[in-house]
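Taken together, the values in this text are just the output of simple stated rules run on the coordinates, not laboratory data. If you're wondering where the values come from, they're calculated on a predicted model, not measured in any experiment. A quick note on method: Cβ atoms are made from the backbone with ideal geometry, for glycine too, and the neighbour counts reach across all protein chains shown.
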Amino acid sequence: MAELLSLADVTYETFKPLEGQPFTVRWPDVTETLVLAEVKLSRTENDPRRKRPPFSLMLRGTTPNLALNQMTHPMSNGTLGDMEIFITPIHQEADGTLTYQACFS
């Protein structure tokens, strides 16, 4: 089994250059490609206790009417490799695809 990317060490700068890249979710019964649509810095005060500024990923599904549950999903990306990210569906587009958000603080 491949080593998983440690999400404790990722930052806004880790993901920002990957906008537009696919992240593939693979389960035994379903595979879905999520496209990293946007990486957003969260508004925050300067708290010296924070290891990193909070940020979020906006991921757009590619299969109409396929909804991934709010939970941690195994996924892979050509640049970052394998990881597990907790995503929440936040919006269904007119074409039936869903947008998901992952938050890091």
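Can you pull out the trypsin sites (Lys or Arg not before Pro) in the range 20-105 that DSSP calls coil and that have at most 14 other Cβ atoms within 10 Å? List each step's numbers first, then the result.
Details: sites: 26, 40, 43, 49, 50, 51, 60; in loops: 43, 49, 50, 51.
When the trypsin sites (Lys or Arg not before Pro) of the range 20-105 are filtered for loop state and at most 14 Cβ neighbours within 10 Å, 43, 49, 50, 51 remain.
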If N is the residue count of the chain, its Cα Rg over 2.2 N^0.38 Å rounds to 1.08
The percentage of Cα-Cα pairs in the range 1-55 separated by more than 18 Å is 50 percent
For the range 31-90, max minus min Cα coordinate along each principal axis, in Å, sorted largest first? 41, 25, 19
